[in-house]
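The values are calculated or read from the model by the stated rules, or taken from the named source; none is laboratory data. Remember, predicted model here, so these are calculated numbers, not experimental data. We place every Cβ from the backbone using ideal geometry, glycine too, and count neighbours over all the protein chains shown. To get the accessible areas, we keep the full protein, side chains included, count just its heavy atoms, and leave off ligands, DNA and RNA. Shrake-Rupley method; radii C 1.70, N 1.55, O 1.52, S 1.80 Å.
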Amino acid sequence: MDTYVYAPKDDYKHRAYWREMYTVEEGDHLTALITAAKSEGIKFVYALSPGLDMCYSSAKEVNLLKKKLDQIVQFGCEAFALLFDDIESEMNEQDKEMFKSFAFAQVSVSNQIYEHLSQPECFLFCPTQYCASRAIPDVRNSEYLNTIGEKLAPGIDIFWTGPKVISRIISVESIEEISEVLHRPPVIWDNLHANDYDQKRLFLGPYSGRVPELIPKLRGVITNPNCEYGANFVAIHSLAQ
């Protein structure tokens, strides 16, 4: 359990106000968190979600993205993620003139940021079609996923939640299929214990429905647990085992 992805919805500057820089006080908090992670041998991954309203073809927007992540570098962060999940897949008119598809727009920006940050060892990308049920028309024939697989820099890892947003079972065959399309093994972003979509419920059972034979076929597994930290003891320990 050596990696922590920072992507909290209650940090408005992670998603809704992604263009805004952190204040000195906010920066001190993030620096302390990154330093604490490093002291425990944990890789701290800062994630940014610009997809709600970004104009992909705008040099100004891309520069704002670079400036924001440069600030995070100054806090001591060395690992990053760009998340394009749960957004509309319709481009604005300016983007349509420059890019032939939504996938090309996302790839262009992500590859630029990856290069700007000097190709960090850990750089993650969350696609808009992040599970099989969201792939149009299906995983193998998704123009979006095939473009991401072919055009995204090979050093960038890609998140995948499995057959569904919350997958009871993730089979070896399904991972082999998506790996072929993405031209790389995925990182599972696992929502098995997530309850942010229904906080009246807690998911207290062990990590299950994933056979150990998956391990050599993945780049890694990130768990997205219950919002209530103490409820995750079984979830996190059974995943580690």
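Table for the structure above
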{"quantity": "Contacts under 7 angstrom Cβ, first residue in segment 55-66 being part of a loop (DSSP other than H, G, I, E, B), partner loosely packed, with under 15 Cβ neighbours inside 10 Å and not small (G, A, S), 6 or more apart", "calculated": "C55/N92; C55/Q94; S57/Q94; S57/M98"}
{"quantity": "Single residue of I175, I169 found to be within 30 Å of F233 (Cα to Cα), open to solvent by 40 Å² or more (accessible area, probe 1.4 Å) and in contact (Cβ under 8 Å) with a residue 40 or more places away in the chain", "calculated": "I169"}
{"quantity": "Residue in segment 115-135 that is farther than 26 Å from L64 by Cβ, assigned to a loop (DSSP other than H, G, I, E, B) and open to solvent by 80 Å² or more (accessible area, probe 1.4 Å) present", "calculated": "no"}
{"quantity": "Hits in segment 48-72 (condition: among the small types (G, A, S), surrounded by 20 or more Cβ atoms within 10 Å (Cβ to Cβ) and touching a helix residue (DSSP H, G or I) at 6+ places or on another chain (Cβ under 9 Å))", "calculated": "G51"}
{"quantity": "Counted residues, segment 17-52 - those being in contact (Cβ under 8 Å) with a residue 12 or more places away in the chain, out of contact with any strand residue (DSSP E or B) (no Cβ under 7 Å at 6 or more places or on another chain), under 17 Å from A79 (Cβ atoms) and outside any helix (DSSP H, G or I)", "calculated": "1"}
{"quantity": "Residue within segment 205-215 that is in a loop (DSSP other than H, G, I, E, B), in contact with a helix residue (DSSP H, G or I) (Cβ under 6 Å, 6 or more places away or on another chain) and of a type outside the set (F, W, Y) present", "calculated": "yes"}
{"quantity": "Pair list, Cβ under 6 Å, 6 or more apart: segment 116-139 residue of a type in the set (S, T, Y), other residue at pLDDT 95 or above and open to solvent by 20 Å² or more (accessible area, probe 1.4 Å)", "calculated": "S133/K164"}
{"quantity": "Residue count, segment 4-16 (criterion: without any contact (Cβ under 8 Å) to a residue 60 or more places away in the chain and open to solvent by 90 Å² or more (accessible area, probe 1.4 Å))", "calculated": "3"}
{"quantity": "Filter pass, F123 being within 20 Å of I156 (Cβ to Cβ) and among the aromatic types (F, W, Y)", "calculated": "yes"}
{"quantity": "Residue in segment 38-47 that is surrounded by 14 or more Cβ atoms within 10 Å (Cβ to Cβ), under 19 Å from the mean Cα position of the chain (by Cα), at pLDDT 95 or above and among the hydroxyl-bearing types (S, T, Y) present", "calculated": "yes"}
{"quantity": "Residues within segment 160-187 that are outside any loop (DSSP other than H, G, I, E, B) and either under 21 Å from I136 (Cβ atoms) or among the small types (G, A, S) (or both), tallied", "calculated": "12"}
{"quantity": "Residues of segment 67-78 that turn out to be within 21 Å of F159 (Cβ to Cβ) and not in a loop (DSSP other than H, G, I, E, B), as a count", "calculated": "3"}
